[in-house]
Amino acid sequence: MTNLSFPRKGPHEHTDVDPRLHITDQVNQYRAERRRRRRKANNTRRHEQPPSQRDEVLHLATIWAPYGEPPPDEIFVRFGITPQHFADRVRQLLQKLDSTSTSTAKLNDVYRQRHPPVQV
């Protein structure tokens with residue numbers, strides 16, 4: 001014989017649905033809670049700033065730092081610039097960053113001045 005006493009233990013434990021309600025009321029309460037969570041998540045996403053080009057340049061440089069510089073086609077597709085312009089931009093950004101961090105030191109090793117700077 002099955003014990004139908006409430007509250008049950010099971011997959012619905014993570015929701016705030018009252019198990020004493022009629023099933024239709026439980027579904028409506030669950031849907032309302034789900035809509036509230038989605039609205040909250042969407043509001044959070046709307047307020048996030050997309051990464052700036054500066055962040056994207058540093059991110060790509062950091063990813064490729066263990067292997068050297070990124071491939072020229074990757075640089076061109078993402079930023080529309082030559083590898084030399086990319087390296088110059090990374091060097092300019094590194095001058096503005098904290099030089100004591102290990103990631104900055106690694107980038108400085110990879111992007112130390114090898115080519116003369118490009119005149120724009």
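The values are calculated or read from the model by the stated rules, or taken from the named source; none is laboratory data. On a predicted model such as this, the values are computed, not experimentally measured, just so you know. Positions of Cβ are generated from backbone atoms using ideal geometry, with glycine treated the same way; all protein chains shown enter the neighbour counts. Calculation scope for accessible area: heavy atoms of the full protein, side chains included, ligands and nucleic acids excluded. Shrake-Rupley method; radii C 1.70, N 1.55, O 1.52, S 1.80 Å.
Any idea what the alpha-carbon Rg over 2.2 N^0.38 Å comes to for the stretch 58-101?
The stretch 58-101 yields a ratio of 1.14.
Using a 1.4 Å probe and counting only protein heavy atoms, arrange 96, 106 so the residue with the most accessible area comes first. Could you put the intermediate results ahead of the total?
On the way: 96 165, 106 85 Å².
Most to least solvent-accessible, the answer reads 96, 106.
Quick one: how many Å² of residue 27 are accessible to a 1.4 Å probe, rounded to 10?
60
Determine the gain in length on full extension of the stretch residue 54-residue 26; use 0.36 nm per residue of separation and subtract their C-alpha separation, reporting nm with one decimal.
Using 0.36 nm per residue and subtracting the Cα-Cα distance, I get 5.2 nm.
Determine, from the Cβ-Cβ distance of residue 112 and residue 33 and an R0 of 41 Å, the FRET efficiency 1/(1 + (r/R0)^6), rounded to the nearest 0.05.
0.15
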